[in-house]
Amino acid sequence: MTIETFTGQPRPVQPPLLERAAELGIRQVLDRNGELANDLADPELSRENLVRMYEIMVLVRLIDERGWQLQRSGRVEFWIPGRGQEAAHIGSALALESNDWIFLADREVGAMLLRGASLESLFAQFFGRADEPLRGRRLPLLLGDRRLNVVPCMTQVGSYLPHAAGAAWAAKLQGHNTRTLVYFGDGATSRGEFHSALNFAGIHRPPVIFMCQNNGWAVSTPNDRQTAVESFAAKGEAYGVRNVRVDGNDPLAVYAVTREAHQRAPEEGATLIEAVTYRLGFHTSSDNPDLYRQAEEVTAWEAWDPLPRTRRYLERRQWWSEAEEQALNERCLGDIQAAIEAAEAMAGPTPGELFDDIHAQPTWRLEEQRRQLLADLEREN
């Protein structure tokens with residue numbers, strides 16, 4: 001199938017940027033085969049942390065596959081696949097301290113798991129149950145939990161970037177020893193809020209880490225229609241914000257640059273990280289990527305899949321085996337199924353709860369609307 005550009009010309013297949021990592025200044029710890037790349041130093045994570053990181057990557061991949069099946073069977077209303085992007089958010093979230101704040105985009109299930117969210121809680125959010133942290137009011141995968149210092153995603157692309165910068169600045173003014181990490185995609189860099197947030201960060205130097213997950217496509221808009229400059233990281237130069245480009249499919253490299261940004265933040269302020277990755281699947285369950293990209297492009301990126309790369313690295317260090325892989329998959333699938341059954345058994349929110357939590361004290365107008373809604377529903381029944 002020939003994919004045409006907006007000019008009507010055939011769109012050529014774009015090779016993975018990671019094939020030119022050294023030339024493009026994309027920092028790496030691992031090469032495509034899981035060997036050391038002779039670029040960034042190995043962060044020398046402990047065996048416990050490395051195995052934990054890999055296990056969560058596998059669990060997130062399996063959650064993604066099961067969630068897609070649930071959506072296609074009509075049991076979940078909506079799904080945002082994240083296959084191929086696990087390393088970018090898991091490697092960065094692992095580099096944080098427990099008191100740091102995270103502002104999510106829409107594919108960071110692993111960040112929630114690292115913060116201590118249970119599978120049952122996550123699937124309760126996917127199913128929109130009343131007892132989940134967001135009270136069943138959000139689309140699946142627009143996650144968050146204030147108890148875990150995780151701010152929920154906002155559906156307006158990039159709108160929360162100034163909020164993240166402001167939250168980091170407020171924490172600094174109050175003398176809190178915390179950092180803020182905010183995730184967003186390449187498409188958000190075309191929004192005014194991105195530029196406002198970076199300009200603010202350059203001036204006030206809050207301890208915020210901007211994590212741009214560049215997966216090649218803003219829904220159906222490719223990078224070359226999103227920006228005229230070579231990289232999204234370079235946009236930080238205009239605002240005096242330190243920036244770095246990293247292999248987003250290399251969890252060790254992502255961890256290393258995020259940890260460095262974390263250590264610099266109190267004195268030097270913000271860092272903009274561009275994690276070069278690729279969305280191997282659909283943008284959402286409402287998408288058809290066959291209409292705008294070539295299958296050959298996806299196949300080329302599958303060679304850079306973060307899961308096999310990380311597994312080969314662990315195996316090279318004799319920290320992982322085929323038996324452990326099989327046991328992990330069986331355990332994860334069993335835990336996922338148990339969480340699904342528990343979440344499906346939970347009750348959903350009632351119509352009257354729609355008006356809760358809007359204000360600390362409900363206004364008379366909200367109470368009037370609640371009464372009217374409940375009366376209308378009673379008449380219909």
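Numbers below:
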| item | result |
| --- | --- |
| Trypsin sites (Lys or Arg not before Pro) restricted to region 71-172 and DSSP loop, no more than 14 other C-beta within 10 Å | Arg75 |
| DSSP-assigned coil residues among GluC sites (Glu not before Pro) in region 34-127, each with at most 14 further Cβ atoms within 10 Å | Glu35, Glu44, Glu77, Glu97 |
| Region 17-349 - share of DSSP beta bridges that are antiparallel (%, nearest 5) | 15 percent |
| For the chain: rounded, prolate or oblate by the Cα gyration tensor [a/c cutoff 1.5] | rounded |
| Ordering of 363-371, 206-214 by packing [mean C-beta count within 10 Å, highest first] | 206-214, 363-371 |
| Prolate/oblate/rounded call for region 149-229, Cα gyration tensor, a/c under 1.5 rounded | prolate |
| Region 106-222: relative contact order in percent, alpha carbon pairs under 8 Å with at least 6 residues between | 19 percent |
| Per DSSP, loop GluC sites (Glu not before Pro) in region 160-248 with at most 15 further Cβ within 10 Å | Glu230 |
| Top of Leu198, Leu62, Leu142 by mean-square fluctuation, Gaussian network on the chain, Cα under 10 Å | Leu62 |
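Rule-based calculations on the coordinates, nothing more; no lab input. The structure displayed is predicted, hence computed values, not measured ones. Every residue, glycine among them, receives a Cβ derived from its backbone with ideal geometry; neighbour counts consider all protein chains shown.
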